[in-house]
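Let me begin by presenting the structure, written as structure tokens, before commenting on it.
The values are calculated or read from the model by the stated rules, or taken from the named source; none is laboratory data. This structure is a prediction, so every number in the text was calculated from the model and none was measured. All Cβ positions, even for glycine, are placed from backbone atoms using ideal geometry, and neighbour counts span all protein chains on display.
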Amino acid sequence: MHGMNDIVWLTMRRLRLPLIVMILVFFTSVLIMVAMPGVDATGKPAHLNYLDAAYFVAIMATTVGFGEIPVPFTDAQRMVVLALILPNVAAWFYAIGAIVNLFMEPQFRQVLARARFGRRVRMMGADPFYLVCGFGNTGDTVVRGLLKRGKRAVALDSEQQVVDYRGLDPDFAYTPMYAGDTTDPKILELAGLGHPWCQGVIITTNDDHANLTIAITSKLLHPETPVFARSESGQVSDNMKSFGTDEVINPYDIFADRLHLALTSPVKYMVQDWLIAVPGTILRGKLLDPPKGRWVICGAGRFGEQVIRRLERDSMPYTVVDVHPDRVAAHPGAIEGRGTEADTLEKAGIHDAVGVIASTSDDIDNLSIIMTARNLNEDLFLVARQEDKRNDRLFQQLDADLVANRNLIVARRILAYATNPMLKPFLEHLERESEAFAEKVYGRLKSKLKDYAGPNALAGTNAEDAGSSARLAPKQWTITLGTEETPGANELFDQGMELTLSYLLHNTRSERDEDLHCVCLELERGAKREFLPSGKTPLQAGDRLLFAGWGRARDEMMWSLEDPVLLLNYATPGPAPRTSIGRWVQRRNQADSGLM
């Protein structure tokens, strides 16, 4: 209602004088026409009534001109009409011009857009959504990822041109979006902060101070709403964590940790990469095989410094190349230069290095570094940093072993944690566990995701039937047993029958004995967690389960859980009655006969 009040207030403020002028001129003209006598058909004096006068003044002022009513005017009346035409037409043009100017006024158009945006958010009704603050490259990826996961989003950005550009994309046709001050509490609440169906606030702007402001505002006004914020400063990250931000995403820290994982445990890196990928994207096909030895790091800024710390922690030798003398002085043996020249790389010992990391803030420099290094030593392990999404094709063509895309790093991590809270503890457990556990997870995922691909998969077709050797990122879903959404499992619980995990992993609708193409990653029971449980694990009401696999596998599993007899038929030798009364009678008969 606040937006509607603004529209009414601004309209009355801008149109008050034109409307007053038009009304005064109109009613004065009506009174004059009523007072001016005419002659009827019999030659007797006659006056127009108020209705006839108002009607005539209206068609006169709008230049429609249907003629003289109810009888032809006298010459005196026509002289009066001639005198009234000019002020009436002028008053109407003045009012119409004011209305046109009002609709062309940027402030009014902004108020209209805000009211329309607020109405779209309210009309989402009982449809869960995420509030995304920042609709640039990272926000774009986040919203697309949410839509692919079957989630809805509301998007805010501070730049009108960004919102206008996204509005042209048909993928966002049903996504409410608005350009305004993303740190303004009123705009945040208009966009759904505090809405009962807002699942969380995702903050992805490029301004750390703005991100901090939005996070504080969200936690102060609605502390129960989860907040997932981007931060590229260690100080801001610590600040956000201090007041309870649910997840702080620092792309430099994340990639440095992922690079460390890739160098020390390629299997763990692969499993993590598969699970945080956006559904529908093509997965990395082969395990990385990073060599052991000395690395050349071109660029020791915020990104490069995080990488250096991980290499030092793993006791890996390295040589720094940087154009800033103070950074060169901080690293013994460093070479001053940009790294794009062959001479600089040769001074850094590129010929006997095992890998090069291009970590400057300039994409073109990073591309040049990788290409130059590859020409000097074709056996290098190549890692490149990418900042601008517009250079995606160039980095794909570069064919480096690893590409650190800052926007993609942030988007993938936020999507993974915001839409699936059970995934974070699993990934943390994966990093702590042994290689044997990682290889076990990798083997199961690799087996279940086979043939889940195809050339049309990214276009939205059913990739599971395509038969290509490439794999697509799996879908993930969480199930809580013993709820209204799982009547199939509840029926077994009510009858005191055992429900094991293997029942859920089986295709109960198929006549063939086949399991679903999915893996159970985690079982949560109260405060206890079991990772990668076996099929023999007994399940209880209240258990929460995390699965990853084909989208079709999820559909089949949900069908079994939502149908009250599919799991029961699979667990018992004979078919179960379809109705609850019939099943109750069957249980009574079995109890009477001593079968239960």
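A Cβ distance below 7 Å, combined with a sequence gap of six or more or placement on separate chains, defines the contacts here; from segment 195-206, residues that are within 15 Å of residue 419 (Cβ to Cβ) reach residues that are of a type in the set (D, E, K, R) and modelled with pLDDT under 90 in the pairs 197/127. Of the residues making up segment 59-71, those that are in contact (Cβ under 8 Å) with a residue 24 or more places away in the chain and part of a helix (DSSP H, G or I) are 60, 61. Exactly one residue out of 337, 299, 304 is over 38 Å from the mean Cα position of the chain (by Cα) and of a type outside the set (Ser, Thr, Tyr): that is 337.
Looking for something under 10 Å from the mean Cα position of the chain (by Cα), outside any helix (DSSP H, G or I), closer than 24 Å to residue 189 by Cβ and of a type outside the set (A, V, I, L, M, F, W, C) - is there at least one such residue anywhere in segment 125-132? Looking through segment 125-132, at least one residue is under 10 Å from the mean Cα position of the chain (by Cα), outside any helix (DSSP H, G or I), closer than 24 Å to residue 189 by Cβ and of a type outside the set (A, V, I, L, M, F, W, C).
Kindly establish whether residue 163 is of a type in the set (Val, Ile, Thr) and either within 30 Å of residue 549 (Cβ to Cβ) or out of contact with any helix residue (DSSP H, G or I) (no Cβ under 7 Å at 6 or more places or on another chain) (or both). When the stated conditions are applied, residue 163 passes them.
All but one of (1) at pLDDT 90 or above; (2) in a loop (DSSP other than H, G, I, E, B) hold for residue 189; which doesn't? Evaluating residue 189 over (1) at pLDDT 90 or above; (2) in a loop (DSSP other than H, G, I, E, B) leaves (2) as the failure. Can you spot a residue in segment 119-129 that is of a type in the set (Asp, Glu) and farther than 14 Å from residue 177 by Cα? Checked against the condition, which is being of a type in the set (Asp, Glu) and farther than 14 Å from residue 177 by Cα, segment 119-129 yields at least one hit.
What number of residues within segment 133-178 satisfy the criterion of being among the polar types (S, T, N, Q), in a loop (DSSP other than H, G, I, E, B) and under 12 Å from the mean Cα position of the chain (by Cα)?
Number of matching residues: 1.
Summed over segment 10-57, the residues that are within 22 Å of residue 92 (Cβ to Cβ) and assigned to a loop (DSSP other than H, G, I, E, B) give a count of 2.
Answer yes or no as to whether residue 28 is at pLDDT 90 or above, within 60 Å of the chain's Cα centre (by Cα), among the polar types (S, T, N, Q) and assigned by TED's automatic domain parsing to the domain that holds residue 98.
Numbers: at pLDDT 90 or above: yes; within 60 Å of the chain's Cα centre (by Cα): yes; among the polar types (S, T, N, Q): yes; assigned by TED's automatic domain parsing to the domain that holds residue 98: yes.
So residue 28 fits the description; yes.
Restricting attention to segment 285-295, does a residue exist that is on the phi > 0 side of the Ramachandran plot and not hydroxyl-bearing (Ser, Thr, Tyr)? Yes: segment 285-295 contains one or more residues that are on the phi > 0 side of the Ramachandran plot and not hydroxyl-bearing (Ser, Thr, Tyr). Residues of segment 528-577 that are modelled with pLDDT under 90, among the aliphatic types (A, V, I, L, M) and assigned to a helix (DSSP H, G or I): 566, 567, 568, 571. Of all residues in segment 210-225, those being in contact with a Gly (Cβ under 8 Å, 6 or more places away or on another chain) and not in a helix (DSSP H, G or I) number 3.
Here residue 491 fulfils each of the conditions (1) of a type in the set (Asp, Glu); (2) assigned to a helix (DSSP H, G or I); (3) without any contact (Cβ under 8 Å) to a residue 60 or more places away in the chain apart from (3). Total residues in segment 147-175 satisfying the condition of being surrounded by fewer than 24 Cβ atoms within 10 Å (Cβ to Cβ) and either of a type outside the set (D, E, K, R) or in contact with a His (Cβ under 6 Å, 6 or more places away or on another chain) (or both): the figure is 15.
Out of 71, 143, 100, 162, which single residue is under 30 Å from residue 19 (Cβ atoms) and out of contact with any Leu (no Cβ under 9 Å at 6 or more places or on another chain)?
On the way: 71 fails: under 30 Å from residue 19 (Cβ atoms); 143 fails: under 30 Å from residue 19 (Cβ atoms); 162 fails: under 30 Å from residue 19 (Cβ atoms).
Result of the check over 71, 143, 100, 162: 100.
Tallying residues that are part of a helix (DSSP H, G or I) and surrounded by 13 or more Cβ atoms within 10 Å (Cβ to Cβ) within segment 97-115 yields 11. Residues in segment 320-373 that are surrounded by 18 or more Cβ atoms within 10 Å (Cβ to Cβ), touching a Cys at 6+ places or on another chain (Cβ under 9 Å), in a loop (DSSP other than H, G, I, E, B) and without any contact (Cβ under 8 Å) to a residue 60 or more places away in the chain: 339, 340, 348.
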